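The numbers here are math on the coordinates, done by the rules we state, and not lab data. As the structure is a prediction and not an experimental result, all values here were calculated from the model. So basically every Cβ, Gly included, is an ideal-geometry build from the backbone, and we count neighbours across all protein chains shown.
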Amino acid sequence: MTCEEFERVLPELGNDHSIEQDEHLKSCSACSELVSDLSEISKQGRLLQACEEPSPWVWNSIEVALRQEGLIREQPGNLLVHPPRLSWKLRWLVPAAAASLIFFGVLLHERGGIPQHQAKQESPAGVVTADLQTEGMPSEDMQLLNSVAARTPSMRDAYEQNLRAVNAYIHDAEQSANNDPNDEVAQQYLRNAYEQKAMVYEMALDRSLQ
Amino acid sequence: MYRKQRIATVSVVMIIIVAALAAAETTRKEMHFKVGRRANISIVNVYGPISVKPGIGKHVSVTATSYSGKVEIDQSKRGNRVAVVSHLLQGADSDSGRVDYEVVVPMDANVTLHTATGPLHIEKLHGDLLLEGSTANVDVRDVSAGRVHVKTLNGPVTLTNVNDAYVEITSVSGDVSLHQVNGASVHVNSSSGKIHYDGEFGEGGQYSLTSHSGDIEAIAPSYASIEVVARSVQGRVDNDFPLQPEHTSFVTRSGSAFAGTVGQAASSVNLLSFSGKIHLKKREQ
């Protein structure tokens, strides 16, 4: 099995691998690292989803307010509001509370200005798809993108797009410089293109932002 | 009727709770430092805006507003160097890790700002400025007598009224816009972002605007004093100025390159793109 064949089956890859896939993973360190990175990203993505759950304190505060209004009564040994334990008369409160929380959640979310594409990036499946879209990128760029995705998933798309732009610049500048090695302007294009790539790497690896 | 009142009451209570929750998470921290001449001020803020303005005297004040418990503000002062860092805790994202900074520094301070999302804003300073932001919108205005160094990936960069400065801007895909920017050295290096210059090309400086695929538009007055070289390998090149021809190392074909001088040619201007369009425009009076 070649790396290309392995990457083709990567999106469908679960925990169980075929003998052929296992053998390839044992013999190919690049694919093995890729699978390991994707597993880590997937794990982190699930953690992020868990973080978005409202804390018990939120439910507790709602319960306290409802009790103060006399809308629910004391139930021994139960301090939190759990929808299944409410009487049928109060069940309407659950969707109402959820709707209010979602409404204010959206307001708070908009205030923070999270880009629309972030949710997609934070899902493990999104990361796998995005990785496959980086076909043709140098392996060091792939490693850089995986490193960015593991640290700040929301920035991965930006880095990928900009690496593509810089690589296109380098490609054209190299061709231009090869066509006429004495052309000073072509040499300047090349210097500028590499300066840009260096900057992208420098920013991606900037420890102060980690 | 009673049921409607009850619904209204519960809604109000829940609104108050959620508002209280949001307010409870908002923390405002003020920090003050006494510094000497040309102090070095560094702010690192992964998510959120940083705005820097000049103050009176040798004081630095930093106001940081955070919106969750998932970010801490670390501060340090060593000698003439002040550093403030947003320290993200486990699980912080662009929403919960956001901190808004308002910073006041002495006019001669050297300022370094690092961010991922920004935006970054600096005004009315005379020191050296370094601004780095991956996707951050960068805005620098009314500064002079220092170095202005900006780096972004796709964040747009705007410089307004910058004089007697050494300017260096590198942006991969962010648009770069320079209004009344003059100095001994003004360099812009972009891949796919557009570059727009509207100014005098003054102070006998060296101006270099280069891109890969982004268009370059430079607007100068008819009395500009420049020696200009413009060339695009694949894009169209246009010029509104009557130029005195000049020898170049490459062939100047109409529509793809030109070179020449205007006036006394005090400043040197290079407009280079690989596939972007280039237009040197004369400012309408």
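Numbers below:
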quantity: Placed amide H near B:Arg147: partners under 5 Å, 5+ positions off or other chain; calculated: B:Asp128, B:Leu129, B:Tyr166
quantity: Shielding by partners - mean other protein chain Cβ count within 10 Å, residues of B:265-273; calculated: 1
quantity: Nearest 10 degrees, 0 to 90: helix B:2-25 Cα axis against chain B principal axis; calculated: 60 degrees
quantity: Over 30 Å between alpha carbons, listed pairs A:Lys197/B:Lys34; B:Lys77/B:Lys194; B:Lys151/B:Lys277; B:Lys58/B:Lys151; calculated: A:Lys197/B:Lys34; B:Lys77/B:Lys194
quantity: 5 angstrom amide H check on B:His87, placed H, neighbours 5+ away; calculated: B:Glu72, B:Ile73, B:Asp74
quantity: Number of partner chain Cβ atoms within 10 Å, mean per residue of A:182-195; calculated: 4
quantity: Cα-derived Rg to Rh of segment B:114-160, Kirkwood definition; calculated: 0.95
quantity: Whole-Hz couplings from phi, Karplus 6.51/-1.76/1.60, listed for segment B:88-97; x for Gly and Pro; calculated: 7, 9, 3, x, 6, 10, 5, 8, 6, x
quantity: Whole-angstrom gap from segment B:193-271 to segment B:94-169, using each part's C-alpha centre; calculated: 27 Å
quantity: Ranked packing of B:270-279, A:169-178, most packed first, by mean Cβ within 10 Å; calculated: B:270-279, A:169-178
quantity: Relative exposure of B:Asp198, A:Asp157, judged by other C-beta atoms within 10 Å (fewest first); calculated: B:Asp198, A:Asp157
quantity: All-pairs Cα distance distribution in chain B, expressed in whole percent, bin size 10 Å; calculated: 7, 25, 25, 18, 13, 8, 3, 1, 0, 0
quantity: Likely footprinting exposure, B:Val150, B:Val35, fewest C-beta neighbours within 10 Å first; calculated: B:Val35, B:Val150
quantity: Highest average packing first - A:191-204, B:199-212, Cβ atoms within 10 Å; calculated: B:199-212, A:191-204
quantity: Neighbourhood charge, 14 Å Cβ-Cβ cut-off, centred on A:Tyr189 and excluding it, Lys, Arg +1 and Asp, Glu -1; calculated: -3
quantity: At 1.002 mPa s and 20 °C, Stokes diffusion of segment B:39-128 via Kirkwood alpha-carbon radius, µm² per second; calculated: 163 µm²/s
quantity: Amide H within-cut-off set for B:Arg283, under 5 Å, with H built and near neighbours excluded; calculated: B:Ala220, B:Ser222
quantity: Inter-site label distance for A:Val9 and B:Ser61 at 7 Å from Cα along Cβ, in nm; calculated: 6.6 nm
quantity: Expected 222 nm ellipticity per residue - DSSP helices of 4 or more, -39500 (n - 2.57), all of chain B, to 500; calculated: -3000 deg cm²/dmol
quantity: Contour minus Cα-Cα distance for A:Asp22 and A:Arg151 (0.36 nm per residue); calculated: 43.6 nm
quantity: Peptide B:91-98 - average C-beta neighbours from other chains (10 Å radius); calculated: 6
